[in-house]
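Written below as structure tokens is the structure these notes are about.
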Amino acid sequence: MLKKRLAAVLVIRSGWVVQSFGFSRHLPVGRPEIAVEYLNRWGADEIICLDMTASPQGRGPDFEAVAAYARHSQCPLTVGGGIRDLGDVERLIAVGADKVAVNTALDEGSLVADAAGLFGSQAVVASIDARRVGAGYEVFRNGGRQPTGLSPAQAAQRAVAAGAGEVLLTSMDRDGSGQGYDLELADSVIQAVAAPVLLCGGAGEPAHLLDGARAGASAVCAANMFHHCEHSLTLAKRGLLDLGLEVRLETNFDYAGVALAPDGRLAKRDDHELEALRFVRVVEETI
Amino acid sequence: MNARDPFFHIVDYGIGNIASVRNVLDRLGTPCRVSADEADMARAVGVILPGVGAFAAAMDHLRRRGLVDALTRHVLQGGKPYLGICLGMQILARDSDEGGQAQGLGWIDSSVRRVPVPDGLSLPHVGWNSVWFDPDDPLFAGLAPGAHFYFDHSYCYASDPPETFCRCDYGVVFPAAVRRGNILGVQFHPEKSQRSGMKLLRNFTNFALQVAGAGNHA
């Protein structure tokens, strides 16, 4: 059967992958091409690249930059940030995006309907950023700066009705917190639309990802969580499998039987084991 | 690429996503040419036909570029190894009921219809799903039954023709790959399926080079 997806989100600022904290603080991580290359090698089910400065700077997508990192992906690639019109969508698909994520321009004319008509609903993702306002949640556009007066459920329903095939829902409050997804926010959207919902914002360890999947998300996403160690995403999948969630894990290094700490990192092995590992020959797989 | 190196022809008929297929072949170190030219098809050791979208539009594009004749000459009659991806597998069938009845190549005796999913499951079937095949099948060498591939489609083969050698379950079991001698079709996207996909594409290119080496192609 169709599996739940573990997707890596890459927030890109001025051409660099950054860590994002509460939509307000950012730390540099590295080049998008390298991140896309390694996340693919580690078994990402999907990669989502979001240009966070395009809309605030009033410009469209950086197509050359997208072409450069798209070459490194052998799994579905979603690209967002700065999409203004159908021309931007066409060009992104032409340079290698499989899907486009529309955020600021989500209610712009017939953009979603036109893009879905041309490439199919599965190529159009509605990207919705929201945070707690009063007793509920409100959607903000333009890098979280511009209030829309819409609830996430309303925004999601409108976008799906217009033709968006999926909803990428990001919690601004939980962004970079490592405290887990905002499940109340997640639930409000998952209950509102039949389309697949991808959750983002706050995941710090496999248990959080599991909660998101059990809440009904089709894909659980994380950004900062994957920046800290080699095989981070592979370890997260092993963590999910150990917790009982069926996910696809087919890298030739799969950490089966290896002890993980609750935060998803490798547990320290016995010193004798580590000593013995010095003499184990590991042959890199060639296809 | 040396002018005499064996190469694969990726058919560009204005409707497929050729960039991803090309990227993977580049990664595998396999020369390829992307075009709608019959001359490339004639000289290639193998043909790859990708495609996402509507059946009728695809057949129309192929016909208008003279590619139906070219495929018939070199693949069906000439025995040149062919791998159709997604739509590229569907067009091997007799016809499809997508948007009215459209005629396919008719090389596999089946029709194409909307995947008859049970209640609770929606279309398109998009995401990673397991496929089931004989563990000794050469196209899946190096992979175990249950391996995951990326799917993105709303239509599938309506029946289980004898050429079916791989199946997938999305609430209903449907053919995920067909083989008629040198003619192969896969419903999933190996170019979007990371390691599994790369292995499958390597197995296909190895098969084509083997056929060429044995002098079995036109």
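The numbers here are math on the coordinates, done by the rules we state, and not lab data. What you see is a predicted model, and the numbers here were worked out from it, not measured in a lab. As a convention, Cβ positions derive from the backbone with ideal geometry for all residues, glycine included, and neighbour counts pool all protein chains shown.
Yes/no per residue for (1) free of Cβ contacts under 8 Å to residues at least 12 places away in the same chain; (2) more than 14 Å from the chain's Cα centre (by Cα); (3) at positive phi; (4) crowded, with 16+ Cβ neighbours inside 10 Å:
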position	(1), (2), (3), (4)
A:197	no, no, no, yes
A:215	no, yes, no, yes
A:225	no, no, no, yes
A:234	no, yes, no, yes
A:237	no, yes, no, yes
A:241	yes, yes, no, yes
A:251	no, yes, no, yes
A:259	yes, yes, no, no
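Considered as a group, the residues in region B:130-168 that are under 17 Å from the mean Cα position of the chain (by Cα) and facing chain A (nearest Cβ under 10 Å) include one that is surrounded by the fewest Cβ atoms within 10 Å (Cβ to Cβ), and that residue is B:154. Here region A:261-287 is the region considered, the condition is being in contact (Cβ under 8 Å) with a residue 24 or more places away in the chain and closer than 19 Å to residue A:204 by Cα, and the residue that is surrounded by the most Cβ atoms within 10 Å (Cβ to Cβ) is A:264.
Counting only helices (runs of 4 or more DSSP H) that fall entirely inside region B:1-92 and contain at least 1 residues that are without any contact (Cβ under 8 Å) to a residue 60 or more places away in the chain, the qualifying elements are B:18-27, B:38-43, B:55-64, B:67-71. Return the residues of region B:169-211 that are of a type in the set (Gly, Ala, Ser) and either facing another protein chain (nearest Cβ under 10 Å) or closer than 23 Å to residue B:45 by Cα (or both); say none if nothing qualifies. Within region B:169-211, B:171, B:177, B:181, B:185, B:193, B:196, B:197, B:208 qualify.
Only one of the numbered conditions (1) hydrophobic (A, V, I, L, M, F, W, C); (2) surrounded by 19 or more Cβ atoms within 10 Å (Cβ to Cβ); (3) touching a strand residue (DSSP E or B) at 6+ places or on another chain (Cβ under 8 Å) is not met by residue B:198, and that is (3).
Of all the criteria given as (1) within 12 Å of another protein chain (Cβ to nearest Cβ); (2) surrounded by fewer than 22 Cβ atoms within 10 Å (Cβ to Cβ), the one not satisfied by residue B:106 is (1). Filtered by the rule that a residue be under 14 Å from residue A:107 (Cβ atoms) and surrounded by 18 or more Cβ atoms within 10 Å (Cβ to Cβ), region A:130-147 gives A:139, A:140, A:141.
Of the residues making up region A:206-263, those that are within 14 Å of chain B (Cβ to nearest Cβ) and of a type in the set (D, E, K, R) number 5. Exactly one residue among A:24, A:55, A:14 is among the hydroxyl-bearing types (Ser, Thr, Tyr) and buried (at least 18 other Cβ atoms within 10 Å of the Cβ), and that residue is A:55.
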